[in-house]
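> Sending over a structure as structure tokens; questions will come in a sec.
Just so it is clear, none of the values below were taken in a lab; they were calculated from the coordinates. The shown structure was predicted, so the numbers you read here are calculated from the model rather than taken from an experiment. So basically every Cβ, Gly included, is an ideal-geometry build from the backbone, and we count neighbours across all protein chains shown.
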Amino acid sequence: MAEEAETHDIVHFHTDYLHFPLARRLAVPHVTTLHGRLDLPDTRAVFEEFRDVPVVSISDAQRAPVPFANWQATVYHGLPRDLHRFHPRHEGYLAFIGRFSPEKGAHLAIEIARRAGLPIRVAAKVCEANRSYYEEVIRPLLAEPFVEYVGEVGGADKDAFLGGALAVLFPIDWPEPFGLVMVEAMACGTPVIAFRRGSVPEVMVDGVTGFVVDGVDEAVRAVERVAGLDRAACRRVFEERYTVERMVDRYEALYERLLRGRMRPRLVG
């Protein structure tokens, strides 16, 4: 990449901060979109050292641990308009989709469904890094009669899984940088009940695309109200805020500013 950089107008990185030492030596404009969490112990030291490297956040909340970084813009993820179809009616179940890991909260989603008295369908991947959590916490819960484990889903199966749900549960226990599941659900017209962590209050429109809650008790109460939300309004929020076209427009505007030199990387000092 470095050898060919000068044959391009701009270089856009999506490799976290692995490339920072190289990027600051490029002769062409560059920018990096950060996709992960930034609150881990060693992260602050990295960004202290590389304050000059221009970066993009995928939510404003993602910036909180390193507000001094050389932030150029926040650009939300976008999906193709036709990737998921609008589902005007639900089939009466709650849904959880994601990894089986403590921070994703599948065990909390099952607890919410149990207390709400509704069936839940679970679509999730078992990662080796979280094998003990799966074996000790999740596997016994999957045997409950109101829980249906469907494995991993994608394509049309994912669309039907999300679109048929009364609500998608998102009981996270970590500073979520974005949370694409929320947007995928919105695209289907399915409300989301999500814990107030990381980007959730920013990505959601509380009371429109679902409910932002503080804990299991509030989530159970939200389930009781979620059927009253307008599924078409969920879809409209997706179309207004989270399409590929909107994402591309914001990146193109950023590229143009960088190329005009209006937002040059700051000098180290």
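> Decide, for region 99-171, between rounded, prolate and oblate: order the square roots of the alpha carbon gyration tensor eigenvalues as a ≥ b ≥ c, take rounded if a/c falls under 1.5, and otherwise choose prolate if a/b is larger than b/c, else oblate.
Here region 99-171 falls in the oblate category.
> Next up: Full-extension gain between Arg260 and His12, please, as 0.36 nm times their residue separation minus the C-alpha to C-alpha distance.
Working it through step by step, the gained length comes to 87.7 nm.
> Using the charge dipole of region 130-269 (Lys, Arg: +1 at Cβ; Asp, Glu: -1 at Cβ; taken about the Cα centre), state which of Gly151, Ala222, Val203 has its Cα farthest towards the positive end.
Of the options given, the answer is Val203.
> For region 125-224, list log₁₀ I(q)/I(0) at each q in 0.19, 0.22, 0.23 Å⁻¹, using the Debye formula over Cα point scatterers of equal strength and ignoring solvent, two decimals each.
Debye curve over Cα of region 125-224, log10 I(q)/I(0) at q = 0.19, 0.22, 0.23 Å⁻¹: -1.11, -1.33, -1.36.
> Full-extension gain between Arg250 and Arg85, please, as 0.36 nm times their residue separation minus the C-alpha to C-alpha distance.
Between Arg250 and Arg85, full extension yields 57.0 nm more.
> For the chain, compute Rg over Rh where Rg is the Cα radius of gyration and Rh is the Kirkwood radius from the inverse mean 1/r over Cα pairs.
1.02
> While we're looking at this one, here's another question. Kindly give Rg over Rh for region 186-265, based on alpha-carbon atoms, with the Kirkwood expression for the hydrodynamic radius.
Rg/Rh: 1.17.
> What does the extension gain come out to for Phe68 and Ala160, with contour length at 0.36 nm per residue minus their alpha carbon separation?
Residue separation times 0.36 nm, minus the Cα-Cα distance, leaves 28.9 nm.
> When the dipole is taken about the Cα centre of region 1-85, and only Lys, Arg (+1) and Asp, Glu (-1) are charged at their Cβ, what size is it in debye, to the nearest 20?
340 debye
> I've got another one for you. Towards the positive end of the charge dipole of the chain, with charges on Cβ (+1 Lys, Arg; -1 Asp, Glu), say which of Thr32, Ala95, Val75 has the farthest Cα.
Comparing the listed Cα positions along the dipole, Val75 ranks first.
> With a sphere of radius 15 Å drawn around the Cβ of Val46, what net charge do the other residues whose Cβ falls strictly inside it have (Lys, Arg +1; Asp, Glu -1)?
For residues surrounding Val46, the net value is -1.
> Given charges of +1 on the Cβ of Lys and Arg and -1 on the Cβ of Asp and Glu, with all other atoms neutral, how large is the dipole of the chain about its Cα centre, in debye to the nearest 20?
Dipole about the Cα centre, nearest 20: 460 debye.
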